[in-house]
Every structure is written in structure tokens, then in C-alpha cells.
Amino acid sequence: MAHAHRDQHSPTHPHDGSAHHTHDSGAIPDGLPEILDLDAALFAPHLTALTGRVACLAGDDVRHIVDLGAGTGTGTFALLEQFPAARVTAVDSSPAMLEHIVTVARERGLGDRVRTLEADAGAGLPGVTDADLVWASASLHHLDDPATALAGIRAALRPGGLLAVAEVDGMPTFLPEDGAAGALEARCRTALDGLHAERLPHRGADWGALLTAAGLPVEQERAERWELRAPLPEGAGRYAYLVFERVRGSLEGRVGPEDLAALDRLVGGGPEDVRHRGDLVVRSTRETWMAAAPPEPRALPLRR
């Protein structure tokens, strides 16, 4: 991620902040940590199932995990729970995010199992070797040079170690798919796709092919639609509100005034505000790739 800064307006879907590459100040964009934490809380059963699949492939001897683009630490803490004998190195380019992870780890009595590394993963992972598992959730699409960064990840993995990649297909959706509300959301997604194509050229890349080319053969690939329907968990309305607030800030000049006005109504506190609606359905498509570093070559027997 040489210099893969996470643009403050691009995290309009939640995991566009999980690797969280901020501007040079290291400041955290307003509202982003809450979006990430709400996303993890709302989809906790799905995240547990995903990390369980990772555990099945990674095996029982996982001791050192790298959370690449750790953000608020949602992946870090999910992995610590899934692998009770492991420690995690949380990697991020934001000192503020890393400080947050350390604070939460201490509060949960996990301080001795978490270390942090302030690094730009596109420039390598200094000091990281023999990792059993690298977890990259919505961070790889921020890479300027995926081939170089994946070579660095492969070098950080032990032979036979596992790389687990998770990406999202865009902002989550919340409104009924039929009618004007669904059409508005579809136009917003299209406009955001255009914005991301300019700023994040590797979003939506064929990671299976890129991983294979980097010498990390894909063992499992899957796309899943995560969906929450009524009765929604607590926080769903707040989550929708924060996402639409960021969408509204990103789309000035990219959609028409009528759509901007409609977005204003979704976050404006009135009857159409997403926090007050009873018809929300939270939908998000997550794509995952599991790839293993090649095992050490077997030594050939000496010939006499």
C-alpha cells in the first residue's frame, strides 16, 4: 500500500475502513470506527462462521497471526477468539487505530496476545516472519502494486502458511429493492463504483488470479450474501445512518440534486430517516479467497 491512503470519502461501505489508511496526520475519519464496530457486531455470526472456515484450513498449530489493515481490530479480536493459543500482530498505517486496538486489548485482558506494527503493507512487513496466518479483510484493494505487496505477504508467511482474503462488492444496501428507494440506492452504488474506479483501481480485482500469480495457490474461493431482516439487531438503524451519511458526503457533484435531497431525507431526522424506518434489510456481499504458501521442498536423498 505504498501509499495506499484510505480516502476519507471512500469508506462508504464498512470494510473500506478496516485496513484504514488515513491521511498523513494519522487521524481517524469521523464516524469510521463506529461503522466498523457496528458492522462487526451486526454480522458477528457470519464473521464467526468465516473465521471458523479459516481455522479449518489453517489447522490447529496456528501461533502467529497477522491482521493486515487491522482498523479497529474487529478481525484481530475475532481471530484471537477462534485461535486461543495464538497471538496477533495488528498492522495498520494509522497510529490512532493501532492505539485503539492496544487499549481494547488491555481492557479485554488480551494485551499480552496483541502487538502492533505501524507499516504500509505495500512496502513490506518489516520484522514479520514465519506467520502461520495472514488475514486481509478489505485491505488488498487499496494496494498500489498488488504483485509487490503479495510477494511481501508470501515472504512473511511460513511455508504452508495461509493467507485469508476478504473483500466486499461495494456499499451495503438497506432499502427495499422495489420502488423508488431501491432505485435511489442502485444509482448511489453506481456513482460510488465510478468514484472508487478512480481512486481504488484494484477494487473488484480478480484476486484469485493475482494470488496464484504471486505463488499463493487458491485453496478455497467463495462469495456469500450476508443479509439481516426484521427483527433487526440493535444498532442496524444507526449503522445505516452512518453509511448513508458518508455516501451523502461522497456523492456531491456525482448524482443529481434530487438524489442528494433524497439522501438528505434519509439522514435528516424526519419520517424517512433510516433510523426510524421499519423496512430496512441489511445486505452485503462478501468474497473470500484462501491461499496457502508453498510448503518447503523436500530434501532429495544424497546419492552415493
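The values are calculated or read from the model by the stated rules, or taken from the named source; none is laboratory data. Computed from a predicted model, the values in this text were never measured in an experiment. Glycine gets a Cβ as well: all are built from the backbone with ideal geometry, and neighbour counts include every protein chain shown. These area figures cover heavy atoms from the full protein model, side chains too; ligands, DNA and RNA do not enter into them. Shrake-Rupley method; radii C 1.70, N 1.55, O 1.52, S 1.80 Å.
Give the accessible surface of the range 63-163 per residue, rounded to a whole number of Å², with probe radius 1.4 Å and ligands, DNA and RNA excluded. Mind showing how you got there, number by number?
Numbers: 3640 Å² over 101 residues.
Heavy-atom accessible area per residue stands at 36 Å².
Hey, got the dipole for the range 151-295? About the Cα centre, +1 on K and R Cβ, -1 on D and E Cβ, debye to the nearest 20?
Values: 18 positive and 22 negative charges, 93 e Å.
Value, rounded to 20: 440 debye.
Using only C-alpha atoms and all pairs of different ones, pull out the Kirkwood radius for the range 83-161 in Å with one decimal. Intermediate results must be reported in sequence, preceding the final value.
Working: mean 1/r = 0.0744 Å⁻¹.
Result for the range 83-161 stands at 13.4 Å.
Can you tally the net charge around THR212? Count Lys and Arg as +1, Asp and Glu as -1, for every other residue whose Cβ sits under 15 Å from the Cβ of THR212.
The answer is -2.
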